[in-house]
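No lab work stands behind these numbers, since they all come straight from the coordinates. Just so it is clear, the model here is predicted, and its values are computed rather than measured. Virtual Cβ from ideal backbone geometry, glycine too; neighbours counted across all protein chains shown.
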Amino acid sequence: MDIPIPYTSTVRPDTGLYNGKLGMWLFLASEIMLFGALFSSYVLLRAGADEGTWPHGLLNIPIGAFNTLVLITSSLTVAMSWVALKASNFQRYRRFQFVTLACAAAFLGIKAWEYSEKFSHYEVWLATPLDVAAHPELAGHAVDGQTEVYSVIGHIEGAGRGWTLNSLQESNIDSIQIHPDQFHYRVGAREQGKRSKAEKAAQKSKSAADHGDAHSALTIPVSEIKRMSALVPAHSTYFATYFTLTGLHGLHVLGGAIAFAWILWPGAKLWNSDPERYTNAVEATGLFWHFVDLVWIFLFPVLYLL
Amino acid sequence: MSQNDLPHGHHEHHHGDGAAGGHHDLGFIRKYIFSTDHKVIGIQYAITSLVFLFIGFLLVLLMRWQLDHPGTPVPVVGGLLEALLGEAASEGKISADLYNSFGAMHGTIMIFLGVVPLVFGAFANYLVPLQIGAVDMAFPKWNMLSYYSYLIGGVIMLVSFFIPGGAAQAGWTSYPPLATIIPTDGQTYWLIAMVFLITSSLLGAINIITTVIQLRAPGMTWMRMPFFVWSQFVTAFLLLLAFPPLEAAAVMQLMDRLAGSSFYMPAGLVLSGQPASQLSGGGSPLLWQHLFWFLGHPEVYVLILPAMGIVSEVIANNTRKPLWGYRALVFSALTIGFLSMIVWAHHMYVTGMGVGISMFFQTTTTIISIPSVIILTCLLLSLWGASIRFTVPMLFAIAFLPMFGIGGLTGMPLAFGSSDLMLHDSYYVIGHFHYVVAPGTIFAIFAGVYYWFPKVTGRRMNDRLGHLHFWPSLLCMNLIFFPMMIQGFAGMSRRMSDGGATYAASNPANEGVIGALSDTVIGLNSFIMLAALGLALAQVPFIFNFFYSIWRGSPVLNDNPWQATTLEWQTPTPPPHGNFVEPMVVYRGPYDYSLRTDELDFETQNQPLEVA
């Protein structure tokens with residue numbers, strides 16, 4: 001019962017655009033301002049950080065790289081599905097969009113796994129530094145021939161979600177058992193890859209290796225703890241930036257996937273009545289999808305590699 | 001984006017009746033509540049934002065009472081306040097915390113829930129499609145969502161008054177660390193509500209821009225668009241590009257409040273004498289200010305550009321002349337739009353961000369006054385030699401010119417870092433920007449309401465009541481805001497809940513203090529409060545007139561009662577869903593007045609040129 005609006009499916013001659021496409025470009029302009037503001041904040045916060053306070057190498061680079069590939073693949077299938085629609089091949093379009101949706105699900109699933117990995121790791125800042133020579137399990141924490149470490153990252157035995165120093169003191173815990181993580185942390189991409197391989201090999205040889213047994217535990221008295229935080233936004237400005245940016249980006253991926261699924265199933269009736277408009281819908285949503293992909297292509301190096 | 005709602009978009013069987021307005025098959029709910037008609041949505045925006053404007057005004061009346069009589073129970077409504085807000089208003093007194101809440105919410109409500117939705121949501125929604133000869137907005141469903149997003153944001157803001165701890169207290173600018181550590185969830189409500197409001201204006205902005213670019217009637221070239229449409233077009237771009245950084249900032253402040261991050265919390269922060277040791281730190285309070293003012297300053301032009309557009313239409317119609325310098329107006333508006341994005345840090349001279357940066361921003365700030373002055377000059381020169389019809393809308397439009405002039409000129413001392421150091425955060429600043437927004441923008445809004453009321457309702461508002469509204473309002477506005485300049489020069493801070501009593505020269509604790517506030521300066525508070533009461537009384541005729549005229553006003557005799565040239569007057573009255581009886585074709589510029597010497601001294605835009 002709405003009034004028919006001109007140029008919803010046809011192109012206005014003097015602009016060469018249909019309404020939806022122009023609307024989408026405008027929306028993307030505002031999205032650029034949104035993510036632009038967040039990236040600028042990242043630059044400002046990082047440039048203003050005190051020396052040595054910006055963590056490095058705390059993310060899983062191979063996984064991040066794989067996720068980048070997943071998202072790029074989905075952009076490709078979106079483009080192919082649109083081409084299929086242009087060629088009036090609805091079945092082919094559907095097949096490509098299945099792949100797109102699968103990629104979106106894979107991306108979000110991997111991201112969720114990465115998140116939960118972070119949430120279950122703790123960093124403990126120590127009142128007095130530990131000697132690496134006396135604690136071989138800390139070898140992964142020492143960079144560039146450091147002999148002492150000021151903080152330990154790993155799993156804490158029996159730790160709930162979001163423990164802090166306060167919660168330890170309140171529940172009268174005297175000491176914690178932490179399993180320093182061998183795998184990543186404070187090393188560059190190449191080194192991470194090497195260690196990842198080495199760890200996998202080690203796990204294969206130790207067939208019964210459950211995570212707790214993989215590393216030996218380190219006992220730290222609570223009185224020795226200066227501060228403690230899981231790898232959550234409260235851990236550091238770096239992780240706050242990481243979770244805000246990737247979380248917002250993840251919501252965009254989710255939104256795009258829902259839009260595609262909507263067009264693919266409940267919206268498919270339109271293909272029969274107005275195929276041009278249907279194709280336009282896929283194109284406009286596709287523009288959004290490519291933008292979301294592009295944001296990730298900036299996010300990956302900024303957060304994982306730099 | 002709009003393409004997602006496609007399956008509902010088939011109208012084959014309705015082709016042809018769109019213009020006739022025969023949509024009696026819509027139920028009440030689809031027609032008036034969940035309508036996609038841009039005019040109904042415009043009216044929804046207008047009514048809601050007028051209510052918010054009223055609420056914002058009531059808040060400031062309470063604040064003025066508190067400033068004049070610190071710590072004494074509010075007369076008449078004190079008991080009601082206590083019943084509604086509990087301990088914060090015990091015995092009907094306004095506590096300092098409550099005063100802070102009122103201050104923060106007065107600014108927030110007036111700007112984000114009152115004036116912007118009124119000038120952009122209501123006026124642009126209703127008039128832009130009509131003035132360019134379009135049947136509706138480009139994305140009617142998103143338009144409806146825009147209104148509901150706004151409404152939800154507004155409701156969240158209001159609800160925050162009644163939660164434990166009360167509404168946000170850190171000013172409408174919500175500077176951290178204060179905003180982050182303040183012990184009320186009101187700030188969280190504020191941030192969430194802002195996300196809804198930003199979404200709303202984003203949808204509105206996309207809609208207006210797409211509509212103007214795509215749906216102009218044949219012959220409606222860019223330079224034939226009424227200046228009002230231009231002003232809304234530029235405004236939409238400001239909303240589109242300046243609001244998202246505030247959304248980013250709000251998300252980060254939400255993270256700081258809810259997830260314990262430290263985007264805005266510096267290392268080594270000390271709270272109530274205790275070092276905040278479990279805070280990760282490393283954040284920057286300045287970051288918020290940059291992001292906030294990146295929106296905040298374009299926002300000023302969001303408030304003023306549509307007002308200039310409204311005033312232009314009213315002036316052209318009532319001077320019966322083409323606007324003086326139409327092209328200059330258009331290019332000035334575009335220049336303002338661009339420059340307004342690079343002046344934001346003139347709000348931050350006292351943050352210690354550095355002389356070099358201040359220098360840049362004071363240069364751009366000085367430059368942006370040039371297009372503003374061009375617009376004001378064009379409008380002033382449009383009056384020259386005209387036989388002016390002093391109708392009620394015209395009175396408001398004429399009053400806008402000097403009032404905005406005072407508002408703009410008093411901004412100059414704030415544009416320069418050296419003089420801003422003296423005046424920053426004083427009542428002078430309050431006086432300055434209220435001159436721009438209150439007797440400026442709000443007078444333009446009144447002009448617009450009186451001017452387009454006959455088109456919207458089919459009835460005119462009463463002239464006598466209009467005069468009774470205009471003259472006392474003009475007087476009281478000046479009596480309120482001019483004394484604030486004096487108080488500001490005397491050094492009165494804008495943020496004190498006791499009206500300056502702490503720093504009074506008459507306070508024994510301040511004996512011998514140089515620069516303490518004299519009794520005269522503090523006494524101005526009484527003067528301002530009385531003037532504010534006068535302003536409140538002056539709105540009574542308007543409110544009465546508004547409702548009375550909807551049902552009892554004298555009916556208009558034809559569709560074009562002001563003898564105007566632009567296309568909105570070429571519709572039936574009130575315009576039906578689909579707007580025009582027949583598709584519009586445009587042959588002329590927007591202001592073809594005084595072309596003929598007979599009593600019909602104008603040609604409408606859809607009037608073909610006579611072939612000589």
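Quick notes on this structure:
- Here the mean projected area of the convex hull built on the C-alpha positions of the range B:103-241 is 8.4 nm².
- Under Karplus coefficients 6.51, -1.76 and 1.60, residue-wise ³J(HN,Hα) of the range B:498-506 in Hz, glycine/proline x: 10, x, x, 4, 4, 9, 6, 5, 6
- A convex hull fitted around the alpha carbon atoms of the range B:374-434 yields 78 Å³ per residue.
- On Cα atoms only, tilt of B:392-409 relative to the major axis of chain B in degrees: 40
- Range in chain A, longest, excluding exposed GluC sites (Glu not before Pro) [loop by DSSP; at most 15 other beta-carbon atoms within 10 Å]: A:158-306
- C-alpha long axis of helix B:38-68 to longest principal axis of chain B, angle in °: 30
- For the range B:485-582, the pair-distance distribution built from all alpha carbon pairs, in bins 5 Å wide starting at 0, is 2, 10, 12, 11, 9, 7, 6, 6, 6, 8, 8, 6, 4, 3, 1, 0 percent.
- Under a 5 Å amide H cut-off, with hydrogens placed 1.01 Å from N, A:L17 pairs with A:R12 among residues at least 5 apart or on other chains.
- Within chain B, the longest segment free of exposed loop sites, counting trypsin sites (Lys or Arg not before Pro) that fall outside DSSP classes H, G, I, E and B and have at most 13 other Cβ atoms within 10 Å, spans B:1-388.
- In the protein assembly as shown, the DSSP beta bridges split such that about 90 percent are antiparallel, to the nearest 5.
- Average 1/r across all pairs of distinct alpha carbons in the protein assembly as shown, invert it, and you get the Kirkwood radius: 30.6 Å.
- Helix axis angle, B:285-319 relative to chain B longest principal axis, alpha carbon, degrees: 40
- Relative contact order (%) - chain B, alpha-carbon pairs under 8 angstrom, separation at least six: 16
- For a modelled paramagnetic label at B:N558, 7 Å from Cα along Cα-to-Cβ, the residues of the range B:570-589 in reach, with backbone nitrogen under 13 Å, are B:570-571.
- Hydrophobic, long helices, defined as DSSP H runs whose alpha-carbon span along the helix axis is 20 Å or greater and whose mean Kyte-Doolittle value is at least 1.0, occur in chain A at A:19-48, A:61-86, A:237-264.
- When the alpha-carbon atoms of the range B:270-427 are used, the pair Rg, Dmax equals 20.2, 72 angstrom.
- By other beta-carbon atoms within 10 Å, ranking A:L270, B:L409 with the fewest at the front produces B:L409, A:L270.
- Prolate/oblate/rounded label for the range B:421-483 (Cα gyration tensor, a/c 1.5): oblate
- Panel note: the C-alpha atoms of the range B:161-300, placed on their principal axes, show extents of 69, 33, 22 Å (largest first).
- Directionally averaged projected area (convex hull, Cα atoms, the range B:151-214), nm²: 4.8
- When the alpha carbon gyration tensor of the range B:525-602 is reduced to an equivalent ellipsoid, its three semi-axes come out at 37, 19, 13 angstrom, largest first.
- Long-range Cα-Cα pairs in the range B:405-513 (distance over 25 Å), rounded percent: 41
- Computed over chain A, Kirkwood Rh from alpha-carbon pairs, angstrom: 22.4
- Taking chain A and dividing mean pair separation by its residue count, relative contact order in percent (alpha carbons under 8 Å, at least six apart): 25
- The amide H of A:R227, built 1.01 Å from its N in the peptide plane, has A:W125 as neighbours under 5 Å, considering only residues 5 or more places off or on other chains.
- Using the alpha-carbon positions of the range B:336-448, Rg (one decimal) and Dmax (whole number) come out as 16.1, 53 Å.
- Dipole moment magnitude, nearest 20 debye, the range A:1-115 about Cα centre, only Lys, Arg, Asp, Glu C-beta charged: 620
- Shielding by partners for peptide A:230-237, expressed as the average number of C-beta atoms from other protein chains within 10 Å of each residue's C-beta, is 5.
- With a 10 Å cut-off around each Cβ of A:271-281, the average count of Cβ atoms from other chains is 3.
- Distance between the 7 Å Cα→Cβ label points at B:Q607 and B:F489: 5.1 nm.
- Cα-Cα pairs of the range B:273-358 separated by more than 20 Å (percent): 57
- If a spin label sat at a point 7 angstrom from the Cα of A:A268 along the line to its beta carbon, the backbone N atoms of the range A:61-93 nearer than 12 Å would be those of A:90-93.
- More than 41 Å apart - percent of Cα-Cα pairs taken over chain B: 26
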